[in-house]
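Engineer: Below is a structure I'd like to ask you about.
The values are calculated or read from the model by the stated rules, or taken from the named source; none is laboratory data. What you see is a predicted model; the values in this text were computed from it and never measured. Don't worry about glycine lacking a Cβ; one is built from the backbone with ideal geometry, like all the others, and counts go over all protein chains shown.
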Amino acid sequence: MTIIGLERSSYAAALAAIAALLLAAEVAAAQPPSSFLNDLVTRSDAGAVTLIRQRRLRTPPAAFAGLVTAVKDGDTIAVLHQGRETTIRLAGIDCPEKRQPFGNRAKQMTSALVFGREVRVQPTERDRYGRMVAKVYLPNGESLNAQLVRQGMAWWYRKFSTDIALQTFELEARTARRGLWSDPAPLAPWEYRASRRAKPRL
């Protein structure tokens, strides 16, 4: 039986099976994890229609060194790579938004640490906006991502990270009430963004 002859629900199941086979093949080939099948979404319509959207990301490029040419906010910088500016989203962390408390201070700290300096970039994936997500290392070898969390200028982005070190640094910053943790009721930036999206436009 061909896929054309299948009902939509069976077609969705077939796609899921193909995705599983692709995953098994990549694992068997000992390829590095690439966050593919990252956006597997299912939705049913009256119990009859299933929509599966699959996004497969390519294996991240190799690490590289480059000059930081811009700091867009606390967790987003631009690095000169192969003659072009590349936008880098820091992996595993989420800094307060610019209109949140400590948003500007997070940007200032990132600027003080890396602007105009050469850093080492270890890409991990690309996000849904096409930005390169990466771990960034300072000239002294320390992790920029970790420094921001340790100093209370960023949250551990638990939804997208399993980095136990970042989790530990956040707990230490919370306990010491550093940076954003000096606020009695800090709002996670992902919750802030969600609340902004939920507000009706006038």
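Engineer: Within segment 142-165, how many residues turn out to be within 15 Å of the chain's Cα centre (by Cα), farther than 24 Å from P101 by Cβ and without any contact (Cβ under 8 Å) to a residue 40 or more places away in the chain?
Structural biologist: Looking only at that region, the number is 1.
Engineer: Oh, and also: Inspect all residues belonging to segment 160-170 and state whether any of them is under 16 Å from R89 (Cβ atoms), modelled with pLDDT of 95 or more and part of a helix (DSSP H, G or I).
Structural biologist: Yes, segment 160-170 contains at least one residue that is under 16 Å from R89 (Cβ atoms), modelled with pLDDT of 95 or more and part of a helix (DSSP H, G or I).
Engineer: Taking the condition of being outside any loop (DSSP other than H, G, I, E, B) and more than 18 Å from L80 (Cα to Cα), how many residues in segment 92-114 meet it? Break it down stepwise before answering.
Structural biologist: Let us first name the residues in segment 92-114 that are outside any loop (DSSP other than H, G, I, E, B), namely 93-94, 103-114.
Next, from what is left, pick out any that are more than 18 Å from L80 (Cα to Cα): 93-94, 103-109.
Qualifying residue count, segment 92-114: 9.
Engineer: Pairs, please: C-beta under 6 Å, at least 6 apart or cross-chain, first residue among the acidic types (D, E) and assigned to a strand (DSSP E or B) and in segment 115-141, second at pLDDT below 95 and surrounded by fewer than 19 Cβ atoms within 10 Å (Cβ to Cβ)?
Structural biologist: E125/S35; E125/L57; E125/P60
Engineer: Okay, moving on. Could you go through segment 110-130 and let me know if any residue there is among the small types (G, A, S), within 18 Å of the chain's Cα centre (by Cα) and modelled with pLDDT of 95 or more. Spell out how you get there, then give the answer.
Structural biologist: The initial filter retains those residues of segment 110-130 that are among the small types (G, A, S), namely 111-112, 116, 130.
Next cut, within 18 Å of the chain's Cα centre (by Cα) only: 130.
Filter once more, keeping what is modelled with pLDDT of 95 or more: none.
No, segment 110-130 has no match at all.
Engineer: Looking at (1) of a type in the set (K, R); (2) free of Cβ contacts under 8 Å to residues at least 24 places away in the same chain; (3) farther than 21 Å from V133 by Cα, find the lone condition where R178 falls short.
Structural biologist: Only one criterion is unmet by R178, namely (2).
Engineer: Residue by residue through segment 136-177, note down the ones that are crowded, with 17+ Cβ neighbours inside 10 Å and among the charged types (D, E, K, R).
Structural biologist: Correct list: R150, D163, E170.
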